[in-house]
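Below is one structure, written out as structure tokens; comments come after it.
The values are calculated or read from the model by the stated rules, or taken from the named source; none is laboratory data. Quantities reported herein were computed from a predicted structural model and do not represent experimental measurements. Glycine gets a Cβ as well: all are built from the backbone with ideal geometry, and neighbour counts include every protein chain shown. What goes into the accessible areas is simple: the full protein's heavy atoms, side chains included, and nothing from ligands, DNA or RNA. Shrake-Rupley method; radii C 1.70, N 1.55, O 1.52, S 1.80 Å.
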Amino acid sequence: MAVKAYDLTGRTAFVTGAASGIGRASALLLAEAGATVHCADRDARKLHETAALIKAAGGEAHAHELDVADKEQIDRAVAQAAAAATTTGTGTGRGTGTGTGTGRLDIMAAIAGIMHNSPVLETREKDLDRVLDINFKGVLYACQAAARAMIEAGRGGSIITMASGAVDTGGPGLLCYGASKAAVVQLTKTLATEVGPHAIRVNAVAPGWIRTPMTERHDSQAQAHTEGVMTRMSPLGRVGDPDDIAHAVLHLASDASSFTTGQILRPNGGVAMPW
Ligand code: NAI
């Protein structure tokens, strides 16, 4: 690793949504940087594919098939991941050092999420519940489990949540999705203030339009239209790809961002430029 601050050798990472798109790209990159990566997703086939890709590239990966909206499943998998980890890695060097040394978790990237589109007047309670269960509560449970494991180990850590450019721009049909991502931003800022004294950093990534299976699920005409609009709006003149976001995740996961917490990083091609 050319730049030491990005070296994750000896660190343990847990990545939700690791079967596809941004989550898969992030899991692969964290592994490439040296982390042991625990991949979690509900799509068993693609989840094991991600773990196999990491191993084929010489990395270390474990697969956890789970539903992030199920708190017990997340708690169990994160506890397993922390317990399985050795304590010989470098850590952030900024923790309290009072942990028991029985396990460790250094990085949580809570990326799993779903899209939902419906006009406000046609939004049903069950749509709102489903989106909040996965996009907000799923991230909350992952953050809680990770923060507990990190506090217990006493070595600090980095928690990364996945928000969206939707929190800056809004748009027709985005009520459920945008509300869930706004809640993720609030969770990120609140948790950052609460766990900072344990040397745990908490930051959100708010991507612009990224070409992934999620965005490709739109019908092709609608997708081409949206990509055309996003491309025109971006000063860089393009939409993003999963690696654009994985590099933002790596930055926040690593010591390169050691003084960054409670922030929203916006790899969005310049489509929105809030203060
Ligand atoms: P994707 O659909 O390619 O990947 C999402 C992954 O999450 C899938 O593997 C899916 O199986 C998993 N997942 C969904 N619900 C789950 C559940 N209940 N339990 C376990 N796993 C579950 O989507 P993409 O684009 O990679 O999105 C990843 C994250 O990035 C999401 O949180 C999304 O909201 C966010 N995002 C994506 C943008 C884009 O333009 N693609 C823009 C802004 C944010």
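Output the number of residues of the stretch 17-62 satisfying the condition of being within 7 Å of the ligand (Cβ to nearest atom), surrounded by fewer than 23 Cβ atoms within 10 Å (Cβ to Cβ) and farther than 19 Å from residue 244 by Cα.
Residues in the stretch 17-62 being within 7 Å of the ligand (Cβ to nearest atom), surrounded by fewer than 23 Cβ atoms within 10 Å (Cβ to Cβ) and farther than 19 Å from residue 244 by Cα: 3 in total.
Return only the number of the condition from (1) over 18 Å from the mean Cα position of the chain (by Cα); (2) in contact (Cβ under 8 Å) with a residue 12 or more places away in the chain that residue 223 does not satisfy.
(2)
Checking the structure you have, find out if any residue of the stretch 41-62 is on the phi > 0 side of the Ramachandran plot, under 17 Å from the mean Cα position of the chain (by Cα), in a helix (DSSP H, G or I) and not acidic (Asp, Glu).
No, the stretch 41-62 has no match at all.
Within the stretch 264-275, can you find the residues that are of a type outside the set (A, V, I, L, M) and either farther than 21 Å from residue 202 by Cβ or outside any loop (DSSP other than H, G, I, E, B) (or both)?
269, 270
Hey, can you tell me all the residues within the stretch 123-173 that are over 21 Å from residue 24 (Cα atoms), polar (S, T, N, Q) and either open to solvent by less than 10 Å² (accessible area, probe 1.4 Å) or assigned to a helix (DSSP H, G or I) (or both)?
If the condition is that a residue be over 21 Å from residue 24 (Cα atoms), polar (S, T, N, Q) and either open to solvent by less than 10 Å² (accessible area, probe 1.4 Å) or assigned to a helix (DSSP H, G or I) (or both), then 144, 169 are the ones that fit.
Can you pull out every residue in the stretch 5-16 that is polar (S, T, N, Q) and within 13 Å of the ligand (Cβ to nearest atom)?
Scanning the stretch 5-16 gives a single hit, 16.
Name the single residue that is farthest from the ligand (Cβ to nearest atom) among those in the stretch 179-197 being under 22 Å from residue 153 (Cα atoms) and open to solvent by 70 Å² or more (accessible area, probe 1.4 Å).
Among them, the one singled out is 197.
Examine the stretch 102-119 for a residue that is at pLDDT 95 or above, farther than 24 Å from residue 67 by Cα and not hydroxyl-bearing (Ser, Thr, Tyr), and state whether such a residue exists.
Within the stretch 102-119, one or more residues are at pLDDT 95 or above, farther than 24 Å from residue 67 by Cα and not hydroxyl-bearing (Ser, Thr, Tyr).
Between a first residue in the stretch 37-65 that is closer than 13 Å to residue 24 by Cβ and a second residue that is among the basic types (Lys, Arg) and open to solvent by 70 Å² or more (accessible area, probe 1.4 Å), which pairs have beta carbons less than 6 Å apart while being 6 or more apart in sequence or on different chains?
Listed pairs, sorted by first residue: 61/55.
Output the number of residues of the stretch 222-263 satisfying the condition of being open to solvent by 60 Å² or more (accessible area, probe 1.4 Å), farther than 12 Å from residue 26 by Cβ and assigned to a helix (DSSP H, G or I).
The qualifying residues number 4.
Looking at the stretch 1-16 only, could you name the residues that are outside any loop (DSSP other than H, G, I, E, B), open to solvent by less than 50 Å² (accessible area, probe 1.4 Å) and more than 27 Å from residue 137 (Cβ to Cβ)?
If the condition is that a residue be outside any loop (DSSP other than H, G, I, E, B), open to solvent by less than 50 Å² (accessible area, probe 1.4 Å) and more than 27 Å from residue 137 (Cβ to Cβ), then 5 is the only one that fits.
Residue 200: more than 13 Å from the ligand (Cβ to nearest atom), in contact with a His (Cβ under 6 Å, 6 or more places away or on another chain) and of a type in the set (A, V, I, L, M), yes or no?
No: the conditions fail for residue 200.
Which of (1) open to solvent by 40 Å² or more (accessible area, probe 1.4 Å); (2) in contact (Cβ under 8 Å) with a residue 12 or more places away in the chain does residue 176 not meet, given it meets every other one?
Of (1) open to solvent by 40 Å² or more (accessible area, probe 1.4 Å); (2) in contact (Cβ under 8 Å) with a residue 12 or more places away in the chain, only one is false for residue 176: (1).
So, in the stretch 230-241, exactly how many residues are within 16 Å of the ligand (Cβ to nearest atom) and out of contact with any strand residue (DSSP E or B) (no Cβ under 6 Å at 6 or more places or on another chain)?
Matching residues across the stretch 230-241 total 8.
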